[in-house]
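Data first, discussion second: the structure below is written as structure tokens.
What follows is calculated from the coordinates using simple rules that are stated; it is not laboratory data. Quick caveat, the model's predicted, so the values are computed rather than measured. Methodologically, a virtual Cβ is constructed for each residue, glycine included, from the backbone with ideal geometry; neighbour enumeration extends over all protein chains shown.
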Amino acid sequence: MKTFKQNGLLFIFFGISAIAFGLLIFPPSGLLVGSDRAFHLQRLLEIYGNLKQGHLTYISTQAFGNAGQGINFFYPWLGLTPFLIGLKIAGPHIIALALGEAIIAFLGLWMNFITIRLSGYAWRTGVIFATGYVFSIYLIEDNVGRFDLGESVAMLFFPLAILSFYHLIYQSEHNYFGKFTWVFLGFSLALITQTHFMTAFITFIGFGLSLIYFIIARRISWSAILRLFAASILYMVATLNFWIPFFDQYLHTKILSPPATNFGTQNGLALSQIINNSLDTRIEVYQLQFGILIVVGCLVLISKWRYLSRIVRITLIIGFGLTIMSTDIFPWSLMTKTVISRLQYSGRMMPMANFFLCYAIAVATGNYLSSLEKSPKIVNRLTLGAIILPVILMVSVTTTLINTENKIHKDQTNTVSATSTMQNVTSNNFRITNAGFKNDIGASIYRDYIPDYGLDRQALLQVDRHLLLVGKQTIRPEDIHVGANTVVYKLETKKPVVQNTTVRLPFWIYNVREYRVIVNHHVSKVTLDRYHLARVRLVNNKVFNTIQIEFVPPKIYKISFVISILTLLFCSLVILTLLFTNLK
């Protein structure tokens, strides 16, 4: 009865906290300024619009300049489903993002609470970690300052991946994962991959290095290896919908990857800067930080080092190490020409460091409170304080930010029009209101993941301006219609176009076998120019011509999507069954 009452109160607390979090991160008065705001808004709105029509989104025809950019081949979206649910319920309004964030925060709180409980820790330790981690200043910065919805959601699954991997290797008896640890591991890794590829990439590097150590040190059993193999199979099946299109396009097209912003330079974060930002606890674009609670918590743990448990010491050391790797102290310049440069910037290690530091502080706090069991009133008060403090700080930081931006931008709030560029949309001088949120932002240009075949400035300009190259003449189409994975150009010329004239479209092509072109209601052949832009021939002498180009996904894409969805749903059912039967 006591446990039921506790969990009931926890349900209410998590629910209220999550709703407050969603409304403060995405205030209805206007979206706060964030560096990746335009990118994620465009993706969400296009994916939502296509799903409403019963289509999956493979190429961007209603966003990123309507040029057929294949961002969704390389940037997963399934983990952002709560935002799509918000859009379904509320429509294209800011409140939809707040609703989606509230759903994510609520699920994140429960998932991380259960993860700690599965690891054998007390109820109070689970709650302390869940609130301290989900409402950590770094994840708030991720949501607001960077507006990196993918990474911020993926990091909520990260603790389950790390702890299930740990318990699978060590097969400890002091946890509730049991023989099905491999299910938790495969499932959590699949969720990370379905949300943010870079987080998955870093996680796999960490797991790979750990496995090499365990094998060399002979600290891994054959049963653990077999369970890792089972987790790998489960993971691959659960992510087929991402990997099949990814490799299909990557192997057939040379892709322009996001650039490494500060590898090989002196622009990495200084450790003192991270500490100063954390003590200041003020959210700003590109001001990465952990927040004052983690800094103070780490200082307390260092001062009590000899009293800490082994696991707390290890996780604290890992957290400090990852923090150092996030700064200019680490020699990142030596890795400029390696696969590590795909990380783009050294700060990629900070979200992982944030987890390890939060975990160490939460476990140490839980252990300390357990030592005071003879004084239940003191324990209850300290526990309540440890749970409430991160929530209070979250509310304080976000309301301060909202008030600051309201003051700065009260005369500068703009809606986003169809002529906006990436620079205006992400500028610190603009906020997006509900009106702006509903407007077309498809003109915002984003260069990453386009075909990389010697980019010509003139060709890029023609793509940005939606210009067709008819023979040697540049012409703006009379009209452009866009649909799911489809663009229709209506072309009008002063004189009939000469028969068999070649027309280059402002449209990127990846694997050319998966595209179809219809010219004046007749299927035509699509070819490529030197930049991987689409070319077609006009076979009739006409003044008015209609050219429709569309991406036709292979059947294996749709089959893999169904398989992955069913696998994830089955894993969810299995995990829920295990929780109800094993976790009390």
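Observations, loosely collected:
- Selected from 507, 309, 47, residue furthest toward positive end of dipole (the chain; charges at beta carbon): 309
- The stretch 53-91 and the stretch 203-225 have Cα centres separated by 37 Å.
- With 10 Å bins from 0: P(r) over the stretch 174-253, alpha-carbon pairs, percent: 16, 42, 32, 9, 1
- When the helices of the chain are scored as -39500 (n - 2.57) per DSSP H run of n ≥ 4 and the total is divided over every residue, the value at 222 nm lands at -18000 deg cm²/dmol.
- Cα gyration tensor, the stretch 296-348 - rounded (a/c under 1.5), prolate or oblate: prolate
- Cα lying deepest toward the dipole's positive end in the chain, options 523, 496, 30, charges on Cβ: 523
- Ranked by the mean number of other Cβ atoms within 10 Å per residue, highest first, peptides 98-109, 29-40 order as 98-109, 29-40.
- Debye, to nearest 20: dipole size of the stretch 449-584, +1 on Lys, Arg Cβ, -1 on Asp, Glu Cβ: 320 debye
- Virtual spin-label span in nm between residue 320 and residue 304, 7 Å along Cα→Cβ: 1.7 nm
- Nearest 10 degrees, 0 to 90: helix 240-250 Cα axis against the chain principal axis: 50 degrees
- FRET efficiency estimate (nearest 0.05) - Cβ-Cβ, residue 478 to residue 216, R0 56 angstrom: 0.25
- Share of alpha-carbon pairs per 10 Å distance bin for the chain, given as whole %: 3, 16, 25, 26, 17, 8, 4, 1, 0, 0
- Dimensions of the stretch 302-407 based on its C-alpha atoms, expressed as ranges along the principal axes with the largest first, amount to 58, 47, 20 Å.
- Which listed pairs, of 254/472; 254/494; 472/558; 5/304, have C-alpha distances above 29 Å, in listed order: 254/494; 472/558; 5/304
- Listed peptides 3-10, 545-552 by packing density, highest first (mean Cβ within 10 Å): 545-552, 3-10
- Given charges at Cβ of Lys, Arg, Asp, Glu: the chain dipole, positive-most of 576, 477, 404: 576
- Cα-centred dipole magnitude for the stretch 134-232, charges only on beta-carbon of K, R (+1) and D, E (-1), debye, nearest 20: 460 debye
- Annotation: the stretch 442-543 has a Kirkwood hydrodynamic radius of 14.3 angstrom, from the mean reciprocal C-alpha pair distance.
- Each peptide in 349-360, 217-228, 48-59 was scored by the mean count of other Cβ atoms within 10 Å over its residues; highest first, the order is 349-360, 48-59, 217-228.
- Here the gap between residue 581 and residue 280, fully extended at 0.36 nm per residue and compared with their Cα-Cα distance, gives a gain of 103.8 nm.
- Part-to-part distance (alpha-carbon centres) for the stretch 298-360 and the stretch 155-171, which is given in Å: 17 Å
- Inter-label distance, nm, simple model (7 Å from Cα along the C-beta direction), residue 329/residue 495: 7.2 nm
- On Cα atoms only, tilt of 123-134 relative to the major axis of the chain in degrees: 30 degrees
- Computed about its Cα centre, the charge dipole of the chain is approximately 740 debye, with only Lys, Arg, Asp and Glu carrying charge at their Cβ.
- Relative contact order for the chain: 19 percent, from Cα pairs under 8 Å spaced at least 6 residues apart, divided by residue count.
- Rel. contact order, % - alpha carbon contacts under 8 angstrom, at least six apart, the stretch 140-241: 32 percent
- Taking 0.36 nm per residue of sequence separation and removing the Cα-Cα distance, the residue 389/residue 465 pair yields an extension gain of 22.3 nm.
- The C-alpha atoms of the chain define a longest principal axis, and helix 2-25 lies at about 40 degrees to it.
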